[in-house]
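Novice: One structure is given below, represented as structure tokens, and several questions about it will come after.
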Amino acid sequence: MKSIAIYPGMFDPITNAHIDLVLRASKMFDEVIIAVASNQKKKPLLSMEKRVELCTLVLDDVLNDKHKEKKTEVKIIGFDYLLTDFAHQQSATVLIRGLRAVSDFEHEFQLASMYRNLASDIESVFLMPAEEYSFISSSLVKEVASLNGDVSKFVHPIVLDCLQSM
């Protein structure tokens, strides 16, 4: 049976920390779906369509570079409804969540508990990015970029171009 995992998030924008987790997950599962959430409550900088486009361009570039013999299928799909329903629709049995620091744990624990109550057949798996990415968040990247700071170490060049053109 094919193992399918979903890595959900806003990806507003996708960062090197996100990419690191995708690469880690791609070694563990047959298929990884990057689920780009609409979530207008968070007031994203980029439209869902633009976030899906950036994720697609960046991950195509990175995966083609890092995985010459591509074994894991990576899909990028936008969604705007309950994550557990999306997971069932995609036949996924795992939700991947990133933990950068201990401060992330409480929120992630609450989410995992809610997911388990909504869909007991789906497991949450927590992955940590490499140390050099442990402090990177999309929010910080957006803030630094909005003040004309250099975020080139934190995002793929495609994302950097997008942020600089805004």
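The values are calculated or read from the model by the stated rules, or taken from the named source; none is laboratory data. Bear in mind the structure is a predicted one, so any value in this text is a computation, not a measurement. Quick reminder, even Gly has a Cβ in these numbers, built from the backbone with ideal geometry, and neighbours come from all protein chains shown.
Novice: Can you pull out the residues in segment 38-53 that are in contact (Cβ under 8 Å) with a residue 60 or more places away in the chain and in a loop (DSSP other than H, G, I, E, B)?
Specialist: Step one: filter segment 38-53 for residues in contact (Cβ under 8 Å) with a residue 60 or more places away in the chain, giving 45-46, 50.
Residues satisfying the conditions are 45, 46.
Novice: Sticking with this structure for a sec: Under 19 Å from residue 34 (Cα atoms), among the hydrophobic types (A, V, I, L, M, F, W, C) and surrounded by 12 or more Cβ atoms within 10 Å (Cβ to Cβ): which single residue out of 155, 141, 151 fits that description?
Specialist: That would be 155, the only listed residue that is under 19 Å from residue 34 (Cα atoms), among the hydrophobic types (A, V, I, L, M, F, W, C) and surrounded by 12 or more Cβ atoms within 10 Å (Cβ to Cβ).
Novice: Output the residues belonging to segment 119-158 that are without any contact (Cβ under 8 Å) to a residue 40 or more places away in the chain and aliphatic (A, V, I, L, M).
Specialist: Selection gives 119, 122, 128, 140, 144, 145, 147, 151.
Novice: For segment 42-62, how many residues meet the condition of being touching a helix residue (DSSP H, G or I) at 6+ places or on another chain (Cβ under 8 Å) and of a type in the set (Asp, Glu)?
Specialist: 1
Novice: For residue 86, are the conditions met, namely being more than 18 Å from residue 2 (Cβ to Cβ), among the aromatic types (Phe, Trp, Tyr) and touching a residue at least 12 places away in the same chain (Cβ under 8 Å)? Before the answer, list the steps.
Specialist: Working: more than 18 Å from residue 2 (Cβ to Cβ): no; among the aromatic types (Phe, Trp, Tyr): yes; touching a residue at least 12 places away in the same chain (Cβ under 8 Å): yes.
Taking the combined requirement at face value, the residue does not satisfy it.
Novice: Answer yes or no: is there a residue in segment 69-84 that is crowded, with 20+ Cβ neighbours inside 10 Å, outside any helix (DSSP H, G or I) and not hydrophobic (A, V, I, L, M, F, W, C).
Specialist: Looking through segment 69-84, none of the residues is crowded, with 20+ Cβ neighbours inside 10 Å, outside any helix (DSSP H, G or I) and not hydrophobic (A, V, I, L, M, F, W, C).
Novice: Additional query: If you go through segment 140-158 one residue at a time, do you hit one that is small (Gly, Ala, Ser), modelled with pLDDT of 95 or more and within 16 Å of residue 21 (Cβ to Cβ)?
Specialist: No, segment 140-158 contains no residue that is small (Gly, Ala, Ser), modelled with pLDDT of 95 or more and within 16 Å of residue 21 (Cβ to Cβ).
Novice: So which residues in segment 16-32 are crowded, with 20+ Cβ neighbours inside 10 Å and farther than 20 Å from residue 155 by Cα?
Specialist: Of everything in segment 16-32, those that are crowded, with 20+ Cβ neighbours inside 10 Å and farther than 20 Å from residue 155 by Cα turn out to be 29, 32.
Novice: Name the residues in segment 85-100 that are over 16 Å from the mean Cα position of the chain (by Cα) and in a strand (DSSP E or B), would you?
Specialist: Narrowing segment 85-100 to residues over 16 Å from the mean Cα position of the chain (by Cα): 85, 88-91, 93.
Passing the criteria: none in range.
So that you can scan it fast, the table gives a plain yes or no per residue for (1) under 19 Å from residue 26 (Cβ atoms); (2) not hydrophobic (A, V, I, L, M, F, W, C):
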site: 63; (1), (2): yes, no
site: 93; (1), (2): yes, yes
site: 104; (1), (2): no, yes
site: 135; (1), (2): no, no
site: 138; (1), (2): no, yes
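Novice: Scan segment 112-137 residue by residue and report those that are assigned to a helix (DSSP H, G or I), modelled with pLDDT of 95 or more and closer than 26 Å to residue 45 by Cα.
Specialist: none
Novice: Also: Find all pairs meeting these conditions: Cβ atoms under 8 angstrom apart; at least six residues apart or on different chains; first residue within segment 95-118 and exposed (fewer than 13 other Cβ atoms within 10 Å of the Cβ); second residue of a type in the set (Ser, Thr, Tyr).
Specialist: Matching pairs, first to second residue: 101/134.
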